[in-house]
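Asker: Attaching a single structure in C-alpha cells format; questions to follow.
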C-alpha cells in the first residue's frame with residue numbers, strides 16, 4: 001500500500017464509494033458526449049455519400065431524358081438508324097451513372113459504423129473501475 005498517501009489511507013470506505021460514484025457519473029457523462037459526437041460525425045459522412053448516390057440517380061434520370069432525345073435526334077440526322085441511336089445514348093448514360101455510383105460507394109466505404117473510440121474508452125473505464133474496487137476490497 002505504499003502508493004497511497006496517508007490521507008488516502010485514512011479515508012473511510014463510504015467516502016471512497018461516494019467519490020467513486022461522483023467520478024463515475026462525470027465519466028459516463030463525458031463518454032456519452034463523446035459517443036454523440038462520433039455518431040454525429042458518422043451521420044455527416046453518411047449524408048455525403050448518400051448525396052453522391054442521389055446525385056448519380058438524378059443525373060441518370062435527367063441525362064436519360066435530355067441526352068437521349070438530343071443525341072438520338074442528332075444521330076438520326078447524321079443517317080444512323082433510330083434504334084441504333086437510342087442504344088448508343090442509353091449505354092453512355094448508364095456508364096455515367098455507374099461512375100457516379102462507384103464514387104458514392106467509395107465515399108461510403110470509408111465510414112465507420114461503430115463508434116470504436118467510445119467503445120474502447122468505456123472498456124478501459126470498466127477495467128479501471130474493477131481495479132479500483134479490487135484495491136478497495138483488499139484493504
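The values are calculated or read from the model by the stated rules, or taken from the named source; none is laboratory data. Keep in mind that this is a model prediction, so the values were computed, not measured. Every residue, glycine among them, receives a Cβ derived from its backbone with ideal geometry; neighbour counts consider all protein chains shown.
Asker: From the list 74, 96, 79, exactly one residue is surrounded by 15 or more Cβ atoms within 10 Å (Cβ to Cβ), modelled with pLDDT of 80 or more and out of contact with any helix residue (DSSP H, G or I) (no Cβ under 6 Å at 6 or more places or on another chain). Which is it?
Answerer: 96
Asker: Of everything in the stretch 100-115 that's assigned to a helix (DSSP H, G or I) and free of Cβ contacts under 8 Å to residues at least 24 places away in the same chain, which residue is nearest to residue 23 (Cα to Cα)?
Answerer: Initially, the stretch 100-115 is screened for residues assigned to a helix (DSSP H, G or I), giving 100-109.
The next check asks that each one be free of Cβ contacts under 8 Å to residues at least 24 places away in the same chain; those that pass are 102, 106, 109.
Working: 102: 48, 106: 42, 109: 38 Å.
So, considering only residues that are assigned to a helix (DSSP H, G or I) and free of Cβ contacts under 8 Å to residues at least 24 places away in the same chain, the one nearest to residue 23 (Cα to Cα) is 109.
Asker: Checking residue 127 against (1) under 31 Å from the mean Cα position of the chain (by Cα); (2) in contact (Cβ under 8 Å) with a residue 60 or more places away in the chain; (3) under 30 Å from residue 18 (Cα atoms), which single condition isn't satisfied?
Answerer: Against the list (1) under 31 Å from the mean Cα position of the chain (by Cα); (2) in contact (Cβ under 8 Å) with a residue 60 or more places away in the chain; (3) under 30 Å from residue 18 (Cα atoms), residue 127 comes up short only on (2).
Asker: For the stretch 37-89, how many residues are more than 30 Å from residue 116 (Cβ to Cβ) and either assigned to a helix (DSSP H, G or I) or in contact (Cβ under 8 Å) with a residue 40 or more places away in the chain (or both)?
Answerer: Going residue by residue through the stretch 37-89, those that are more than 30 Å from residue 116 (Cβ to Cβ) are 57-89.
Going one step further and asking which of them are either assigned to a helix (DSSP H, G or I) or in contact (Cβ under 8 Å) with a residue 40 or more places away in the chain (or both), we end up with 57-77, 82-89.
Summing the residues that are more than 30 Å from residue 116 (Cβ to Cβ) and either assigned to a helix (DSSP H, G or I) or in contact (Cβ under 8 Å) with a residue 40 or more places away in the chain (or both) in the stretch 37-89 gives 29.
Asker: Answer yes or no: is there a residue in the stretch 42-58 that is more than 22 Å from residue 109 (Cβ to Cβ), surrounded by 13 or more Cβ atoms within 10 Å (Cβ to Cβ) and at pLDDT below 90.
Answerer: Within the stretch 42-58, not a single residue is more than 22 Å from residue 109 (Cβ to Cβ), surrounded by 13 or more Cβ atoms within 10 Å (Cβ to Cβ) and at pLDDT below 90.
Asker: From the set of residues in the stretch 103-118 that are over 14 Å from residue 40 (Cα atoms) and exposed (fewer than 11 other Cβ atoms within 10 Å of the Cβ), which is modelled with the lowest pLDDT?
Answerer: 110
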